[in-house]
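Q: This is the structure, below, for whatever I ask next.
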Amino acid sequence: MRVGISLTSNYPDAADPRLGARWMIERAGAARRAGLHSLFVGDQHVSPTPYYQNTAILGRLLAEWGEAPAGCLFLLPLWHPVLVAEQIGTLAAIAQGRFIMQCGLGWGEARFAAMSANIKVRPSAFEEALDIIQRLLAGETVSSARRFRIAEASLALRPGRARRGLDRR
């Protein structure tokens, strides 16, 4: 059995925003010293309480983490897929170990509206975004005239495993 940790990124009681970030950094270091198998952070947008965004905070946490797998959640209907693929490429380059992308649908009509997304089409938006991200990470040049309008996008910075074919374990 493998045991990992998903750190909370929501610290409403921290009087100073730097304090919540410091707590996350300390917890990541403690998890590494405890020998936990993996480290993850979540994704949330337009939160009513202080919430540390996944890609920025994970980039910092990776300095504490070492060679064990790490990753973050992306609520795909709320992100542009080219940006997600670029974030994954960057995080995978920073990570000493394997990078794992988690993905979800998201929730909350007000959150979707604030991000200019339609909650009613989130399943199809999720599927479309995931397809585009996988193709970009596999090295394809992608164009799309559907929900996400993309003209000949490609990535120069891709995770090592994606260069040899997507690892879907």
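Q: Looking at (1) touching a Ser or Thr at 6+ places or on another chain (Cβ under 7 Å); (2) at pLDDT below 95, which is the one condition that is false for Ala15?
A: With respect to (1) touching a Ser or Thr at 6+ places or on another chain (Cβ under 7 Å); (2) at pLDDT below 95, Ala15 is out only on (1).
Q: How many residues, within the range 5-18, are surrounded by fewer than 16 Cβ atoms within 10 Å (Cβ to Cβ) and closer than 24 Å to Gly66 by Cβ?
A: Residues flagged as surrounded by fewer than 16 Cβ atoms within 10 Å (Cβ to Cβ) and closer than 24 Å to Gly66 by Cβ within the range 5-18 amount to 3.
Q: If you don't mind, another one. Taking the condition free of Cβ contacts under 8 Å to residues at least 60 places away in the same chain and closer than 27 Å to Ser154 by Cα, does Ala95 pass?
A: Judged against the criteria, Ala95 is a match.
Q: Let me ask you something else. Take the residues in the range 26-39 that are surrounded by 16 or more Cβ atoms within 10 Å (Cβ to Cβ) and of a type outside the set (S, T, N, Q); name whichever of them is farthest from Ile100 (Cα to Cα).
A: Here the residue is Arg27.
Q: OK, next. State whether the residues of the range 74-82 include one that is surrounded by 15 or more Cβ atoms within 10 Å (Cβ to Cβ), among the aromatic types (Phe, Trp, Tyr) and under 25 Å from Ala113 (Cβ atoms).
A: Yes, some residue in the range 74-82 is surrounded by 15 or more Cβ atoms within 10 Å (Cβ to Cβ), among the aromatic types (Phe, Trp, Tyr) and under 25 Å from Ala113 (Cβ atoms).
Q: For the range 107-149, give me each residue that is among the β-branched types (Val, Ile, Thr), more than 30 Å from Pro48 (Cβ to Cβ) and surrounded by 16 or more Cβ atoms within 10 Å (Cβ to Cβ).
A: Within the range 107-149, Ile132, Val142 meet the criteria.
Q: Here's a follow-up. Answer yes or no: is there a residue in the range 64-71 that is outside any helix (DSSP H, G or I), surrounded by 14 or more Cβ atoms within 10 Å (Cβ to Cβ), at pLDDT 95 or above and touching a Lys or Arg at 6+ places or on another chain (Cβ under 6 Å).
A: The answer is yes; a qualifying residue exists.
Q: Which one of Ala95, Ala129 is among the small types (Gly, Ala, Ser), in contact with a helix residue (DSSP H, G or I) (Cβ under 8 Å, 6 or more places away or on another chain), modelled with pLDDT of 95 or more and more than 28 Å from Ala145 (Cα to Cα)?
A: So the residue among Ala95, Ala129 that is among the small types (Gly, Ala, Ser), in contact with a helix residue (DSSP H, G or I) (Cβ under 8 Å, 6 or more places away or on another chain), modelled with pLDDT of 95 or more and more than 28 Å from Ala145 (Cα to Cα) is Ala95.
Residue by residue, here is whether (1) on the phi > 0 side of the Ramachandran plot; (2) free of Cβ contacts under 8 Å to residues at least 24 places away in the same chain holds:
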| site | (1), (2) |
| --- | --- |
| Pro81 | no, no |
| Ala85 | no, no |
| Ile88 | no, no |
| Leu91 | no, no |
| Gly106 | yes, no |
| Phe112 | no, no |
| Ala129 | no, no |
| Glu140 | no, yes |
| Ser143 | no, yes |
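Q: Which count do you get for residues in the range 100-121 that are among the basic types (Lys, Arg) and either modelled with pLDDT of 95 or more or under 14 Å from the mean Cα position of the chain (by Cα) (or both)?
A: Within the range 100-121, residues that are among the basic types (Lys, Arg) and either modelled with pLDDT of 95 or more or under 14 Å from the mean Cα position of the chain (by Cα) (or both) number 1.
Q: Look at Ile132 and say whether it is assigned to a strand (DSSP E or B), under 30 Å from His37 (Cα atoms) and in contact with a Pro (Cβ under 7 Å, 6 or more places away or on another chain).
A: no
Q: Moving to a separate point now. Out of the range 5-53, which residues are in a loop (DSSP other than H, G, I, E, B), of a type in the set (Gly, Ala, Ser) and over 19 Å from the mean Cα position of the chain (by Cα)?
A: Ala14, Ala15, Ala34, Gly35
Q: Among Ser143, Ser116, which is assigned to a loop (DSSP other than H, G, I, E, B), among the hydroxyl-bearing types (Ser, Thr, Tyr) and more than 26 Å from Gly35 (Cβ to Cβ)?
A: Answer to the selection: Ser116.
The values are calculated or read from the model by the stated rules, or taken from the named source; none is laboratory data. For clarity, every value in this text was computed on a predicted model and none was experimentally measured. Positions of Cβ are generated from backbone atoms using ideal geometry, with glycine treated the same way; all protein chains shown enter the neighbour counts.
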